[in-house]
Amino acid sequence: MHRAARWGLGAAGAGVALIAGLEVAALDEMNPVRRTISEHGLGPDGWVFALGVGLLAAGSAAIAVSLARRGLAGVLGTLALLGWSAGLLVTAAFEKHDWSVGPSMNGSIHRVGSFVAFLCLPAAVMIIAWPWRRWRSRAALVAFGLGVCSLLWVAGIGTAMLVGASNGLAWWRVMPLGLVERGLAVTEVAALLALGMCAAARPVPSPAAPPCPSPAARGPVTPPPH
């Protein structure tokens, strides 16, 4: 197993476990249908949320390094995956803002970071996992499918924003934002972990050499002169 991929999967898994623990602990206090995941960063356990997101970002970066070193990501795929990691770090460093009380610089940066992260991950997964036929890897195929599903989630959010703008409504009220965000997050993290499994797998074999022609195809063999 590739060492960077192993560390990346471990860090990402630990980050997901921390955030999932916060979700379970806040079931009685937070409505997951309307409230977003980032609201965990506003409470007394905000440091746990920041740590979880930071671990997920670090694990994603390690997976990107592993894929790049093995020649499986390419420049665009690596940059997109690192963009996801950078967006996660921004969302962890800048807290979510209550937009009902007016604009905020921290809130704007947090929103931009989350948009960058959610857009970069589907792009990275589809770019990296596209040659799954060459890899002959089930994990790569699963990653590509999850990347397509992630893009559909993003498209749904974009549609809600257009509907809200055309009707004079706040876009986050057009849909159950918390539920949609959680669906998108679960899909994208699953796609990331599938990419990590691709990076942790055995090295991709080089293309097989062409088979030697059969004796009949080579024609008669002329005996050496005496």
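The values are calculated or read from the model by the stated rules, or taken from the named source; none is laboratory data. Since the structure is predicted, the reported quantities are computational estimates derived from the model, not experimental observations. Positions of Cβ are generated from backbone atoms using ideal geometry, with glycine treated the same way; all protein chains shown enter the neighbour counts. With ligands, DNA and RNA removed, areas are computed over all heavy atoms of the protein, side chains included. Shrake-Rupley method; radii C 1.70, N 1.55, O 1.52, S 1.80 Å.
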Exercise. Within the range 17-36, track down each residue that is in contact with a Lys or Arg (Cβ under 9 Å, 6 or more places away or on another chain) and modelled with pLDDT of 90 or more.
Key: Glu23
Quiz item: Of the residues in the range 152-166, how many are more than 22 Å from the chain's Cα centre (by Cα) and hydroxyl-bearing (Ser, Thr, Tyr)?
Solution: 1
Exercise. Answer yes or no: is there a residue in the range 142-165 that is farther than 21 Å from Leu184 by Cβ, modelled with pLDDT under 85 and part of a helix (DSSP H, G or I).
Key: no
Quiz item: Of the residues Leu55, Leu81, Leu67, Leu119, which is within 11 Å of the chain's Cα centre (by Cα), open to solvent by less than 70 Å² (accessible area, probe 1.4 Å) and not hydroxyl-bearing (Ser, Thr, Tyr)?
Solution: Leu81
Quiz item: Taking the range 69-88 as the search range and keeping residues that are part of a helix (DSSP H, G or I) and modelled with pLDDT under 90, which one is farthest from Arg111 (Cα to Cα)?
Solution: Arg69
Quiz item: In this structure, does Thr91 turn out to be part of a helix (DSSP H, G or I), under 24 Å from Ala155 (Cβ atoms) and at pLDDT 80 or above?
Solution: yes
Practice problem: Quick one: in the range 171-207, of everything that is under 21 Å from Val148 (Cα atoms) and among the β-branched types (Val, Ile, Thr), which residue is modelled with the lowest pLDDT? | Solution: Val180
Quiz item: With Arg111, Arg134 as the choices, which residue is open to solvent by 30 Å² or more (accessible area, probe 1.4 Å), closer than 27 Å to Gly71 by Cβ, assigned to a helix (DSSP H, G or I) and modelled with pLDDT under 90?
Solution: Arg134
Practice problem: Provide a single number: the residues in the range 14-57 that are in contact with a Ser or Thr (Cβ under 7 Å, 6 or more places away or on another chain) and in a loop (DSSP other than H, G, I, E, B). | Solution: 0
Quiz item: Taking the range 24-33 as the region of interest, how many residues are exposed (fewer than 14 other Cβ atoms within 10 Å of the Cβ) and in contact (Cβ under 8 Å) with a residue 60 or more places away in the chain?
Solution: 2
Exercise. Kindly indicate the residue of the range 171-193 that is small (Gly, Ala, Ser) and open to solvent by less than 30 Å² (accessible area, probe 1.4 Å) and also farthest from Ala129 (Cα to Cα) among those meeting that condition.
Key: Gly178
